[in-house]
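The values are calculated or read from the model by the stated rules, or taken from the named source; none is laboratory data. Predicted model, so just to flag it, every value in this text is computed and none were measured. Don't worry about glycine lacking a Cβ; one is built from the backbone with ideal geometry, like all the others, and counts go over all protein chains shown. For the accessible areas, the whole protein counts, side chains as well, though only heavy atoms, and no ligand, DNA or RNA atoms are used. Shrake-Rupley method; radii C 1.70, N 1.55, O 1.52, S 1.80 Å.
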Amino acid sequence: MAKVIMIQGTMSNAGKSWLTAGLCRVFAQDGYRVAPFKSQNMALNSFITRDGFEMGRAQVVQAEAAYREPDVRMNPILLKPTSDQGSQVIVNGEVLGNMPAAEYFRYKARLVPAIMEAYSSLAEENDILVIEGAGSPAEINLKENDIVNMGLAALVDAPVLLVGDIDRGGVFAQLIGTVDLLEPFERDMVKGLIINKFR
């Protein structure tokens, strides 16, 4: 089974996707078989794989960084916004249907088996998986049934690196505030803090 590391951020656009891609490239250059993984992504535009499935474009860039063919298992859940309150839900590259945000919030726990099947399959084929979280793990209104940040880290026993964006200011408050809002067992999973976007 693959070793695993997870990149989480203090907010959206903290640089999680690029850091994940960078780690994929470094590990690949070091001779490891590595793959990216993001259990749930949200994007308006998707990528169509060679076998006709939809996945997030960020995971395509990360796959290319790892010298790998994009594989829908790298992004088993893709949300494509249809309005400011709902999204098209794509599971394993195929459309499940449209859901308002409140309905998806109630439904998403049922997607854990699909996420774990994709994850386990990739873990059997690789030396290292680099997992990307989404948004912030401290969004307390989204923590129930979390499938993309600390909820996933706990499921797969992943050490977490937390990324903050210095370009926006307040980076120390971002990082320490995020850590302080985590549960004690979640804090134990955070193994390092990264300050990103130095000029």
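Here are the numbers for this structure:
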quantity: Matching residues in the stretch 46-57 - criterion: being open to solvent by 30 Å² or more (accessible area, probe 1.4 Å) and either touching a residue at least 60 places away in the same chain (Cβ under 8 Å) or assigned to a loop (DSSP other than H, G, I, E, B) (or both); calculated: ARG50, ASP51, GLY52, PHE53
quantity: Verdict on GLU144 being out of contact with any His (no Cβ under 6 Å at 6 or more places or on another chain) and modelled with pLDDT of 95 or more; calculated: no
quantity: For MET11: the one exception among (1) under 18 Å from GLY192 (Cα atoms); (2) at pLDDT 95 or above; (3) of a type outside the set (Asp, Glu); calculated: (2)
quantity: Matching option when the condition is touching a residue at least 24 places away in the same chain (Cβ under 8 Å), more than 21 Å from ALA134 (Cβ to Cβ), hydrophobic (A, V, I, L, M, F, W, C) and open to solvent by less than 50 Å² (accessible area, probe 1.4 Å), among ALA35, ALA43, ALA28, ALA21; calculated: ALA28
quantity: Entirely in the stretch 72-168, the helices (runs of 4 or more DSSP H) that have 1 or more residues that are free of Cβ contacts under 8 Å to residues at least 12 places away in the same chain and surrounded by 18 or more Cβ atoms within 10 Å (Cβ to Cβ); calculated: 150-156
quantity: Residue that is nearest to ALA2 (Cα to Cα), among those in the stretch 169-192 that are acidic (Asp, Glu) and exposed (fewer than 14 other Cβ atoms within 10 Å of the Cβ); calculated: ASP188
